[in-house]
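This report concerns only the one structure given below.
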Amino acid sequence: MHFLTGQGDEGFRIHIDIKTPLISNESDYKGVINIGQNQTSYSIPNTFTANLPPRYVDGKITLTYVVQVIHEQLSDKIHAIVLGCIPNGLLYGIYGNQIVRAGKGGWGKAKDFRFRYYTEKGGILSFMFRPDKPPRVEIITALLNSACVNSLASLGLIVNHYHK
């Protein structure tokens with residue numbers, strides 16, 4: 001999904017990707033979000049080439065958001081909706097390789113990577129240039145008493161709302 005906001009030289013092109021990891025596969029959601037080439041501007045030198053430009057020819061900056069809907073297979077039970085903001089490719093000099101892991105196909109195929117928003121050393125990744133350094137990832141809504149949600153919250157993710 002792609003949106004254009006702002007007038008003239010100001011503004012952004014916002015890309016939103018929806019992911020639906022199963023609760024049974026923690027490797028798809030706990031501390032990481034899988035990102036494909038067409039869903040990011042964050043290139044990794046000599047390893048991964050993103051297909052979105054960090055800045056479009058009209059000057060608008062690429063913003064990429066991912067919504068993870070963590071659910072049970074063949075069920076309408078949603079355990080969590082997680083919102084993540086993927087750093088723009090212009091920020092590679094700031095975040096480097098610390099926020100990436102090989103994707104499902106490994107670095108050999110390099111069609112995707114896992115955006116690593118949590119590390120044991122650094123905790124939850126934050127917006128580095130904001131004085132209050134808010135997190136780049138948070139839980140929008142979470143199922144009350146869900147082991148999955150408790151696991152995510154133990155990483156330090158903010159839970160904005162609980163549902164039953």
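Only one entry in 108, 156 is outside any strand (DSSP E or B) and free of Cβ contacts under 8 Å to residues at least 12 places away in the same chain, namely 108.
Would you be able to say whether some residue in region 35-57 is charged (D, E, K, R) and not in a loop (DSSP other than H, G, I, E, B)? Yes; the residues of region 35-57 include at least one that is charged (D, E, K, R) and not in a loop (DSSP other than H, G, I, E, B).
Okay, residues lined up against (1) surrounded by fewer than 20 Cβ atoms within 10 Å (Cβ to Cβ); (2) within 14 Å of residue 100 (Cα to Cα); (3) under 11 Å from the mean Cα position of the chain (by Cα); (4) in contact (Cβ under 8 Å) with a residue 24 or more places away in the chain:
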position: 11; (1), (2), (3), (4): yes, no, no, yes
position: 21; (1), (2), (3), (4): no, no, no, yes
position: 24; (1), (2), (3), (4): yes, no, no, yes
position: 29; (1), (2), (3), (4): no, yes, yes, yes
position: 32; (1), (2), (3), (4): no, yes, yes, yes
position: 43; (1), (2), (3), (4): yes, yes, no, yes
position: 47; (1), (2), (3), (4): yes, yes, no, yes
position: 51; (1), (2), (3), (4): yes, no, no, no
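Evaluate region 75-91: report whether one residue or more is in contact with a helix residue (DSSP H, G or I) (Cβ under 9 Å, 6 or more places away or on another chain) and in a loop (DSSP other than H, G, I, E, B). Yes; the residues of region 75-91 include at least one that is in contact with a helix residue (DSSP H, G or I) (Cβ under 9 Å, 6 or more places away or on another chain) and in a loop (DSSP other than H, G, I, E, B). Looking at this structure, is residue 133 over 30 Å from residue 162 (Cα atoms), surrounded by fewer than 18 Cβ atoms within 10 Å (Cβ to Cβ), basic (Lys, Arg) and modelled with pLDDT under 90? No: the conditions fail for residue 133.
Only one of 69, 57 is surrounded by fewer than 19 Cβ atoms within 10 Å (Cβ to Cβ), β-branched (Val, Ile, Thr) and in contact with a Ser or Thr (Cβ under 9 Å, 6 or more places away or on another chain); which?
Details: 57 fails: in contact with a Ser or Thr (Cβ under 9 Å, 6 or more places away or on another chain).
Of the residues listed, the single one that is surrounded by fewer than 19 Cβ atoms within 10 Å (Cβ to Cβ), β-branched (Val, Ile, Thr) and in contact with a Ser or Thr (Cβ under 9 Å, 6 or more places away or on another chain) is 69.
Filtering region 139-151 to residues that are within 15 Å of the chain's Cα centre (by Cα) and buried (at least 19 other Cβ atoms within 10 Å of the Cβ) leaves only 139. Take the residues in region 72-94 that are surrounded by 18 or more Cβ atoms within 10 Å (Cβ to Cβ) and not hydrophobic (A, V, I, L, M, F, W, C); name whichever of them is nearest to the chain's Cα centre (by Cα). Ranking the qualifying residues of region 72-94, first place goes to 84.
The values are calculated or read from the model by the stated rules, or taken from the named source; none is laboratory data. Note that the structure is predicted; figures quoted are calculated from it, not measured. Cβ sites come from the backbone with ideal geometry, for glycine too, and all protein chains shown count toward neighbours.
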